[in-house]
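Throughout, read-outs are computed from the coordinates displayed, never taken from laboratory work. Note that the coordinates shown come from a computational prediction; the quantities given were computed from them, not determined experimentally. Quick reminder, even Gly has a Cβ in these numbers, built from the backbone with ideal geometry, and neighbours come from all protein chains shown.
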Amino acid sequence: QSVLTQPPSMSGAPGQSVTITCAGSSSNIGAGFDVHWYQHLPGTAPKVLVFANNNRPSGVPDRFSGSKSDTSASLAITGLQAEDEADYYCQSFDSSLSRSVFGGGTKLTVL
Amino acid sequence: EVQLLESGGGLVQPGGSLRLSCAASGFTFSKHAMIWVRQAPGKGLERVSGIGSAGTTNYADSVKGRFTISRDNSKNTLYLQMNSLTVEDTAVYYCAKKVEGKGKHFDYWGQGTLVTVSS
């Protein structure tokens, strides 16, 4: 059971938008710790999509955006493309565990 | 250019041991916390173990007492000693570098090394 909770799967048609949620608690997201998002294609290195809630590394399209509110966070993907089909993970820090924690991941399917 | 290169994976029998290495370059290795994350077949990423710049360590409950994380700053290398391996440890193992500061993200990841535990 992951400390951060994500929907196991989501889907959308090309061009559509999807929002992946990440639910935490008062010891992590709700305590004010930043949320980060990663994109992972199995067999490849995970890649940072969004860091510190809503910041994109250079090279990440602005179709990807992050937000955070209370004890949860979201990753929005607009204008879905076939290449967006991947697994997405949120990550934060948990003060009770004193370490970084990950969500269980969301498998995004582009129909 | 930051590079993380894992090695040491392979096929091992249940109960056996393996030591994974993660050779780092392109940054001041000693200043950064590092972690090992794995992905078992059909499963999501699982944080296995982490080590701070000062050497403090932590482990997932699933590997506590069996795995040991360490670092050699003189060799810019991260290690994961895995003992008493079970079939549930079969996974691709990734190392990752953490941005300095509490609660920061992991900005660079290796390509992974496959560990297969099977008789």
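Matching residues to (1) in contact (Cβ under 8 Å) with a residue 12 or more places away in the chain; (2) touching a His at 6+ places or on another chain (Cβ under 7 Å); (3) aliphatic (A, V, I, L, M); (4) assigned to a strand (DSSP E or B):
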{"residue": "A:11", "(1), (2), (3), (4)": "yes, no, no, yes"}
{"residue": "A:19", "(1), (2), (3), (4)": "yes, no, no, yes"}
{"residue": "A:39", "(1), (2), (3), (4)": "yes, no, no, yes"}
{"residue": "A:67", "(1), (2), (3), (4)": "yes, no, no, yes"}
{"residue": "A:76", "(1), (2), (3), (4)": "yes, no, yes, yes"}
{"residue": "A:87", "(1), (2), (3), (4)": "yes, yes, no, yes"}
{"residue": "A:97", "(1), (2), (3), (4)": "yes, no, yes, no"}
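Restricting attention to the range B:83-93 and to residues that are crowded, with 17+ Cβ neighbours inside 10 Å and of a type in the set (A, V, I, L, M, F, W, C), the residue that is farthest from the other protein chains (Cβ to nearest Cβ) turns out to be B:85.
For the range B:94-114, indicate whether the set of residues that are at the interface with chain A (Cβ under 10 Å from one of its Cβ atoms), in a strand (DSSP E or B) and surrounded by fewer than 16 Cβ atoms within 10 Å (Cβ to Cβ) is non-empty. So far as the range B:94-114 goes, yes, one or more of its residues are at the interface with chain A (Cβ under 10 Å from one of its Cβ atoms), in a strand (DSSP E or B) and surrounded by fewer than 16 Cβ atoms within 10 Å (Cβ to Cβ).
Residues of the range B:1-47 that are within 14 Å of another protein chain (Cβ to nearest Cβ) and closer than 14 Å to residue B:98 by Cβ: B:2, B:4, B:22, B:24, B:32, B:33, B:34, B:35, B:36, B:37, B:47.
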